[in-house]
Amino acid sequence: MAGIGVKLNNIFQKNSIMADLVGFTYSTAVTVAPMFVVILNIMLMGWVLGFNKVGYLNRELFSCTVLYTFIFSLLTVSPFNAVVSRYVSDVIYEERYQDILPCYYLGLLMNLTLSCLVGIPFCLWEHFVGGVKVFYVFTGFCGYISLAMAIYSMIYLSICKDYEKISLFYTIGMLAAFIFSLILRFLFHWSITESMLFALVTGIFLIAVLEFSFVKRYFRNNSNQYKKVLGYFKKYWQLVATSFLYISGMYVHNFVFWNTDMKMVVVDSFVCNQPYDMASCLAMFTNISATIIFIAHIEMHFHEKYKAYSESVIGAKKADIENDKRRMFRQMGSSLMNLARIQFIITVVVYLMCIVLLPRFGFSGLVMSIYPCLAAGYFILFLMYSAILFLYYFNDMAGMVWTTLGFFLVTLAGSIFAVRLVEIWYGIGVVLGSFTGWTVAYMRLRWIERNIDRHIFCSGDLLKRGKGKQPSGKVYDSGGAEKIAKESN
């Protein structure tokens, strides 16, 4: 998210309450606004069209279709986004802008291929086994593919520092979807669920088209150098593993509870666990402000210190390098501590509000019993994610893989164990997994702090690497020197 720090500094330097509110609003708009816009649109469509009057089966079929669309589009995009982001960042640094479109096209092809390999068999099963109409199945599949395209294209808009465009495109798409749902329902007299699903898919497709057109307008030249992109996937396979393990870890506990006695099966295809899924959603929203706070801190403070240290490494004196290094790690520690303190206060306040207010809106019983442990788990999870981003700054690929692998495995094992506990401990797998990932990431950051000089100055190669027969290790032959002396005489 490099690039928003200048705007945030310009906003917050006014030192007023209004400036703080504007800064928080701007940070929200460029980080989590797209997600809130989509959720708000679905809620408005349901309220205006009378979604609560729909039969139970159709209502659950629509909810599960939307749930699966968002979860599995994130999962299928995750193996590509980190490597693509790294490649495009390097290309921009080297000013090889003509190599960006090949990366975009190839990454999009790989993403859609994986998405289809996952989605098509499920849709066939949904139609032939579940008996769902072809129109409804195909509409859901189009929404799944369109959302995968939209999430993938967001990477390029973020790298171009057009964060406002992302929020604008999502706002336009969801506004169009809301209006279109009214037209389908009241003018063409479609059913409520079909109107909502088709309009939502149309809005997501519009977002994907807007992002695609913006990327095409931003990068006009195409070098057709596709092989270089594939080389990055081989070179930075750790980024593929890190991104996929992190996203998988966020949902693996849901998958575990989808296979318990609490599960609900819709049309012999969709499996979910409504109380646990709703408690997970509430826990995530309780701690979502951590993303906003962290990005604001890292952009306004740490990025400047990191840049100063990087510039010192290039040509400054050793004393200056040491001073900038201490400032950078001091700022990193301060950012993590401030995030933990501020987010803890926000989490406690939001948690108390949820406990008091949500039962009045029908959220009670099992949902509120599961919610507290999950809220604590997601609090640690977002702290872990912040530490992972710092590891990414220092190019610690091994640290990121070990962090996310520990997070995924412990969350999976902990959730399997939690199934046997009482409801209040159902989220203990997320707590243990997130704490494991946070511990590993923290230990790696401390290791980097102690070994930063070796990590920075000893990571290159003096000789160009290549394949072939290893040359002889002999560098000097005394007999050969005497022979040359005799021949010269």
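The values are calculated or read from the model by the stated rules, or taken from the named source; none is laboratory data. All values derive from a computational prediction rather than experimental measurement. Note that we place each Cβ from the backbone using ideal geometry, even for glycine, and neighbour counts take in every protein chain shown. Heads up: the accessible areas ignore ligands, DNA and RNA and are worked out on the full protein's heavy atoms, side chains in. Shrake-Rupley method; radii C 1.70, N 1.55, O 1.52, S 1.80 Å.
Residue count for the range 337-353 under the criterion of being hydrophobic (A, V, I, L, M, F, W, C) and open to solvent by less than 20 Å² (accessible area, probe 1.4 Å): the result is 1.
What do you reckon, is Tyr309 part of a helix (DSSP H, G or I) and modelled with pLDDT of 90 or more? In short, no.
Would you say Ile207 is out of contact with any Asp or Glu (no Cβ under 7 Å at 6 or more places or on another chain) and open to solvent by 70 Å² or more (accessible area, probe 1.4 Å)? It is false that Ile207 is out of contact with any Asp or Glu (no Cβ under 7 Å at 6 or more places or on another chain) and open to solvent by 70 Å² or more (accessible area, probe 1.4 Å).
Hey, can you tell me all the residues within the range 384-423 that are assigned to a helix (DSSP H, G or I), within 19 Å of Leu366 (Cα to Cα) and modelled with pLDDT under 90?
Of the range 384-423, the ones assigned to a helix (DSSP H, G or I) are 384-393, 397-418, 423.
Of the ones still in play, those that are also within 19 Å of Leu366 (Cα to Cα) are 415-418, 423.
The one that is assigned to a helix (DSSP H, G or I), within 19 Å of Leu366 (Cα to Cα) and modelled with pLDDT under 90: Glu423.
May I ask you to verify whether Ser478 is open to solvent by 50 Å² or more (accessible area, probe 1.4 Å), farther than 30 Å from His253 by Cβ and at pLDDT 65 or above? No, not satisfied. Of the helices (runs of 4 or more DSSP H) lying entirely inside the range 173-283, those carrying at least 2 residues that are among the hydrophobic types (A, V, I, L, M, F, W, C) and touching a Pro at 6+ places or on another chain (Cβ under 7 Å) are 237-257.
On the given criteria, is Ile456 surrounded by 11 or more Cβ atoms within 10 Å (Cβ to Cβ), at pLDDT below 80 and not aromatic (Phe, Trp, Tyr)? I'd like the intermediate steps shown before the answer.
Working: surrounded by 11 or more Cβ atoms within 10 Å (Cβ to Cβ): yes; at pLDDT below 80: yes; not aromatic (Phe, Trp, Tyr): yes.
It is true that Ile456 is surrounded by 11 or more Cβ atoms within 10 Å (Cβ to Cβ), at pLDDT below 80 and not aromatic (Phe, Trp, Tyr).
Here Gly173 fits the description: modelled with pLDDT of 90 or more and of a type in the set (Gly, Ala, Ser).
Whether any residue in the range 277-285 is surrounded by fewer than 21 Cβ atoms within 10 Å (Cβ to Cβ) and farther than 28 Å from Tyr351 by Cα is what I want to check. No, there is no match, as no residue in the range 277-285 is surrounded by fewer than 21 Cβ atoms within 10 Å (Cβ to Cβ) and farther than 28 Å from Tyr351 by Cα.
With respect to Val134, determine if the residue is out of contact with any Gly (no Cβ under 6 Å at 6 or more places or on another chain), buried (at least 18 other Cβ atoms within 10 Å of the Cβ) and free of Cβ contacts under 8 Å to residues at least 24 places away in the same chain. So Val134 fails the test.
Each residue in the range 308-331 was checked for being within 14 Å of Ile452 (Cα to Cα), open to solvent by less than 50 Å² (accessible area, probe 1.4 Å) and not charged (D, E, K, R), and 7 pass.
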